[in-house]
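A short reminder: the numbers here are calculations on the coordinates, not readings from a lab. Bear in mind that the values here come from a model prediction, so they are computed numbers and not experimental data. With ideal geometry, Cβ positions are generated from the backbone for all residues, glycine too; neighbour counts draw on all protein chains shown.
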Amino acid sequence: MLIIGFDWASDKHDVCILCPDGSVLYKGEVEHSAKGFEKLQQKIASLEPREDEVHVALEQHDGALLAWLLASGYAVYGINPKSADRARDIFHPSGEKDDRRDARMIADLLRNNLSYYKPMHAQSDETLNLRALARLRVSLVQEKAALKQKIRGRLAEWCPDVSKLCSDLERVWQRELLHRWPLHEDLTKAEDKDMKAFLSSKRLRAETKEAIQCVRASRATHVPRGRKTALRMEMKFPLDKLDTIIDQIKQVDEELESAYKSHSNHAVFNTLPIKATTSLAMIAGAFGDRRCNPADWSQYASWWGVGPVTVSSGKKKLVKRRRGCDWQVHQALLDFSFSTVFNVSGCWASDYYKRKLEEGHSHNGILRALSSRWVKILWTIWHKGIAYNEMFHREQIMLAKTKIRKSG
């Protein structure tokens, strides 16, 4: 058996190979390339021919190195960066940082705690595609929000009236208006025929057209002549990027919907009370398609930051939330829970939310607690491959309440 620790970097990786007794068999660097991976594979095979007896630990949770390790058939373990930092303090109390020593430290961390770690499992291509598309969409939405904020900030600073008029840049007419007349001064100087052609080409309500004409007729704020050229560019460039990203999100949405519908989890998750593709695709991809010997539902809730974390020491005991989690899945669960409360009639989640609100809990705290309950339900229907049943769940809630009354 071999224990291997990696200290990941962009161009090369430090690697340390240990025996079960802790003696070092190999220390070196691996080039971040197919050639480098092949050389390391040959080295590992010369020390241990059986892939299932090779245990690998690294902090990385995505990328070519991780994909190669999983494809090679090794038992791969993801190390939480916080755990690695704390272990580094044990091995190097002075705070010294060295990549080679870190590789040895990560290998020793796995060797001494092998029974506590669970190996990663290679997922199907369908799951990998679903996960990648869902996370790509989140990244694009964040970039879109940043661009919108940048444009609104410039408008609020120099053209406050136009900023109020174009407060929702998701609307095509607002972006096109800013493309043609980026400054308030440009809008006031627009030719009547050009403005008439613009308004007639858009299906706008009468009050919207009137608002545009009012801003056009109002007095523009003063912009120094030396700032106008650069300011127009500061509006144009992010607007061009925003148009591109909005189109890209539409393309990703189409691919995401197709990937979600063709995934093995769709048949089960499609029975849930809401059909929000973006949230459910993220959650379905996070669960994956390996239903054999999965982690307990509470571990999933903890990984995704919706499960309670109990801290007990002496006479002190408190419950807190976990912040170091997969925040993208965390947000998808919150969005899903929010929809089951406010967008679905007759769902048990709405009653739960109202009851907790009356007890004095905060909105965000209730959504996290509700998400934890939903994770238990999602895990059950996913693990067993059964459809969601609203009536069955309500019966279980009533049964639990009855048991509490009898025990009380």
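Tabulated data
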item: Under-5 Å amide H pairs with TYR26, H placed in peptide plane, nonlocal only; result: ILE17
item: Sites matching GluC sites (Glu not before Pro) across segment 73-144 that sit in DSSP coil, with at most 10 neighbouring C-beta atoms within 10 Å; result: GLU96
item: For segment 113-126, 3J(HN,Hα) per residue [Karplus equation, 6.51 cos²θ - 1.76 cosθ + 1.60, θ = phi - 60°, Hz, x = Gly/Pro]; result: 10, 4, 6, 8, 9, 10, x, 6, 10, 5, 8, 5, 4, 5
item: Evaluated at q = 0.09, 0.13, 0.20 Å⁻¹: base-10 log I(q)/I(0), Debye formula over Cα of segment 267-407; result: -0.29, -0.61, -1.38
item: Relative contact order, percent, the chain [alpha-carbon distance under 8 Å, six or more residues apart]; result: 12 percent
item: DSSP bridge pairs, the chain: antiparallel proportion in percent, nearest 5; result: 70 percent
item: For segment 333-339, 3J(HN,Hα) per residue [Karplus equation, 6.51 cos²θ - 1.76 cosθ + 1.60, θ = phi - 60°, Hz, x = Gly/Pro]; result: 5, 5, 5, 4, 5, 4, 5
item: Proximal charge balance of GLY5 [Cβ under 14 Å; K/R count +1, D/E count -1]; result: -2
item: For VAL306, distant residues with modelled amide H under 5 Å away; result: none
item: Inter-probe distance in nm under a simple model that places probes 7 Å from Cα toward Cβ, at ARG205 and LYS43; result: 6.8 nm
item: Amide H within-cut-off set for LYS12, under 5 Å, with H built and near neighbours excluded; result: HIS32
item: Helix-derived mean residue ellipticity, 222 nm - over the chain, DSSP H n ≥ 4, -39500 (n - 2.57), to 500; result: -19500 deg cm²/dmol
item: Mean separation of Cα contacts under 8 Å, 6 or more apart, over the residue count of segment 129-259: relative contact order %; result: 46 percent
item: Rg ratio (alpha-carbon, reference 2.2 N^0.38 Å) - segment 129-259; result: 1.20
